[in-house]
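Here's the structure we're looking at; comments come further down.
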Protein chains: 2
Amino acid sequence: MKKLKRSGRLVDMTYFLLQHPHELISLTHFSERYQSAKSSISEDLAIIKEIFESEGMGALLTIPGASGGVKFIPTMDEEEAKRLIANLCEKLAVPERILPGGYLYMMDLLGNPRFIQEVGRLFAAVLAGKGINAVVTVATKGIPLAYAVGQYLDVPVSIVRRDLRVTEGSTVSINYVSGSSKRIQTMTLARRSLEIGSRVFIVDDFMKAGGTIRGMMDLLEEFQADVAGIGVLVESRGSEERLVEDYLSLTRISEVNVKEKSIHVEPGNVLEKLRSLKR
Amino acid sequence: MKKLKRSGRLVDMTYFLLQHPHELISLTHFSERYQSAKSSISEDLAIIKEIFESEGMGALLTIPGASGGVKFIPTMDEEEAKRLIANLCEKLAVPERILPGGYLYMMDLLGNPRFIQEVGRLFAAVLAGKGINAVVTVATKGIPLAYAVGQYLDVPVSIVRRDLRVTEGSTVSINYVSGSSKRIQTMTLARRSLEIGSRVFIVDDFMKAGGTIRGMMDLLEEFQADVAGIGVLVESRGSEERLVEDYLSLTRISEVNVKEKSIHVEPGNVLEKLRSLKR
């Protein structure tokens, strides 16, 4: 790369840091890339740090010493998180969403990559310090959320399936009872797709009683995984017994009235968790 | 936002542009955001444009006039695309990937969000001028690729399913013949999940004869969609009749020898397509 002035370096470094979240980048990397002194690079990073932190994009950690460097930790400030959740609540409350049986159509939201990215960034912000090294979800609708979180945390994604595929190699399966339908179902995870002893974040689009997530937790025990967090886009609070206790939710649906065509949605608990991080 | 100096503006604008690909952003937006004159903003954008274009991150289009502004088009330069594909070829050729029946395990690659993002950026680079307004894939393994492309093109994603779910609302289904197994299967797309008359990019992880993609094309006809492109991560060239003619592939597997535990992989045609864009 040709020698760059500060203005050019700032653009290039911003791009590079955004593409490499949670990765330790040595000052040498940048000083060689731009043929600039480390002191200039440090000044550049101070400018980037100030903007990233004042605008709530993320934190820039500086690790001193020979093996040190800089690490970009994506975050989301409270105001932005509030706007994201308020927007989601508003969109979820649209009565046209109601399907026969009181189910809700959500693919308009789940099919929007930019929205999914923002949700991923919010979860990653709450999870930043938890040492998570894998994200697990269940096919199909949780997949985009899992990749968005995995991308911002820079960790791999494993997909639990309800069917069996020849392209998975050897698998581990368990039976579980779906909380709402009470039916016995099977879920499967490819043995190779998750390292033994991983620290896992489980994510899904929707949780009612929590049977599916409970099933994933049981399946993950077979991988000696440590479930360090659970997150859902929408939780539905019904009268049924909860099978999962501690989780993050962006929104909470307390009532779907099919007859009156109304949906009651409120913010979930993720904002409180985000707030408590700062204390 | 408080008034920023050029250095701060460059960091913030780079971040903002990367988060808003393919979106027309007025100069007024930036000049109000930073309380700076439009002439200063134009100078900032010229600096960003130079770096983005010289480093192969993307193009920055300036649209003049009152309703004009600036648009960031993510791209990938040939060198970076070559490295990505060479790396993928190397990883695909590892014999441990071979499963009984000659299938290949690929979840280690497909489960890596950063790799998936890069593939999405490469497809988006080739597709930038094609007016695509939706990405369609089939559950399960194509989903992360579809979101990565959708994100870089700033268009929604629709997921075709092989099962039926109550949360989809009214759906359109077709039967299709899987090219390799010759079995008749069903695929389904929620009516609400794709606008009639969309210009679609179809993406999947793997294509052998092309039966599944052919099925998607037939299903998309029911939505009066115009298939403006097809892309796969891996194509497998066997002796079977091809059901799909024109497509982009990152890699091509010409032989899997189960007995000798060898896989022959070569680059697909996407590099040629990327090159031909520049002429």
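The values are calculated or read from the model by the stated rules, or taken from the named source; none is laboratory data. Remember, predicted model here, so these are calculated numbers, not experimental data. Neighbour counts run over all protein chains shown; Cβ positions are idealised from the backbone, glycine included.
Overview of values
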| quantity | calculated |
| --- | --- |
| Residue list for segment A:209-243, restricted to those being under 16 Å from residue A:265 (Cα atoms) and in contact (Cβ under 8 Å) with a residue 24 or more places away in the chain | A:232, A:233, A:234, A:235, A:236, A:238 |
| Matching residues, segment A:156-175, being within 30 Å of residue A:126 (Cα to Cα) and facing another protein chain (nearest Cβ under 8 Å) | A:156, A:157, A:158, A:159, A:161 |
| Cross-chain or 6+ apart pairs with Cβ under 8 Å, segment B:251-270 first and closer than 13 Å to residue B:104 by Cα, then of a type in the set (Lys, Arg) and in a strand (DSSP E or B) | B:265/B:252 |
| Selection from segment A:133-147 of residues that are more than 8 Å from chain B (Cβ to nearest Cβ), surrounded by 24 or more Cβ atoms within 10 Å (Cβ to Cβ) and either in contact with a Pro (Cβ under 9 Å, 6 or more places away or on another chain) or within 18 Å of residue B:114 (Cβ to Cβ) (or both) | A:134, A:135, A:136, A:137, A:145, A:146 |
| Residue list for segment A:168-183, filter: of a type in the set (S, T, N, Q), over 20 Å from residue B:140 (Cβ atoms) and surrounded by fewer than 13 Cβ atoms within 10 Å (Cβ to Cβ) | A:175, A:181 |
| Failed condition for residue A:8, given (1) away from chain B (no Cβ under 11 Å); (2) modelled with pLDDT of 95 or more | (1) |
| Any hit, segment B:181-199, residues being closer than 27 Å to residue B:91 by Cβ and in the same structural domain as residue B:90 (by TED's automatic domain parsing) | yes |
| Selection status of residue A:198, within 13 Å of chain B (Cβ to nearest Cβ), in contact (Cβ under 8 Å) with a residue 24 or more places away in the chain, touching a Leu at 6+ places or on another chain (Cβ under 6 Å) and of a type in the set (Ser, Thr, Tyr) | no |
| Residue match in segment B:206-226 (condition: within 29 Å of residue B:19 (Cβ to Cβ), at pLDDT 95 or above, more than 8 Å from chain A (Cβ to nearest Cβ) and out of contact with any helix residue (DSSP H, G or I) (no Cβ under 6 Å at 6 or more places or on another chain)) | yes |
| Per-region count, segment A:219-278, residues under 28 Å from residue A:96 (Cβ atoms) and hydrophobic (A, V, I, L, M, F, W, C) | 12 |
| Pair list, Cβ under 6 Å, 6 or more apart: segment B:41-70 residue assigned by TED's automatic domain parsing to the domain that holds residue B:17, other residue of a type in the set (Phe, Trp, Tyr) | B:41/B:30; B:57/A:15; B:58/B:52; B:58/B:72; B:60/B:52; B:60/B:72 |
| Count - residues of segment B:105-118 that are touching a Leu at 6+ places or on another chain (Cβ under 7 Å), within 7 Å of another protein chain (Cβ to nearest Cβ) and in contact (Cβ under 8 Å) with a residue 24 or more places away in the chain | 1 |
| Answer residue from segment A:172-205, given it is of a type in the set (Asp, Glu) and touching a helix residue (DSSP H, G or I) at 6+ places or on another chain (Cβ under 8 Å) and is farthest from residue B:168 (Cα to Cα) among those | A:204 |
| Residue check, residue B:123 modelled with pLDDT of 95 or more and not in a helix (DSSP H, G or I) | no |
| Residue within segment A:184-194 that is within 13 Å of chain B (Cβ to nearest Cβ), surrounded by fewer than 20 Cβ atoms within 10 Å (Cβ to Cβ), out of contact with any Asp or Glu (no Cβ under 6 Å at 6 or more places or on another chain) and at pLDDT below 95 present | yes |
| Segment B:257-279 - residue that is at negative phi and of a type in the set (Lys, Arg) and, of those, modelled with the lowest pLDDT | B:279 |
| Unmet requirement for residue A:121, which otherwise passes all of (1) away from chain B (no Cβ under 14 Å); (2) of a type in the set (D, E, K, R); (3) surrounded by 19 or more Cβ atoms within 10 Å (Cβ to Cβ) | (1) |
| Of the criteria (1) closer than 30 Å to residue B:258 by Cβ; (2) out of contact with any Phe, Trp or Tyr (no Cβ under 8 Å at 6 or more places or on another chain), which one residue B:97 fails | (2) |
| For residue A:232: the one exception among (1) touching a Gly at 6+ places or on another chain (Cβ under 9 Å); (2) within 11 Å of another protein chain (Cβ to nearest Cβ); (3) surrounded by 21 or more Cβ atoms within 10 Å (Cβ to Cβ); (4) among the aliphatic types (A, V, I, L, M) | (2) |
| Flag for residue A:7 being without any contact (Cβ under 8 Å) to a residue 12 or more places away in the chain, in contact with a helix residue (DSSP H, G or I) (Cβ under 6 Å, 6 or more places away or on another chain) and over 21 Å from residue B:18 (Cα atoms) | no |
| Test result for residue B:246, in a loop (DSSP other than H, G, I, E, B) and either in contact (Cβ under 8 Å) with a residue 12 or more places away in the chain or in contact with a Gly (Cβ under 8 Å, 6 or more places away or on another chain) (or both) | yes |
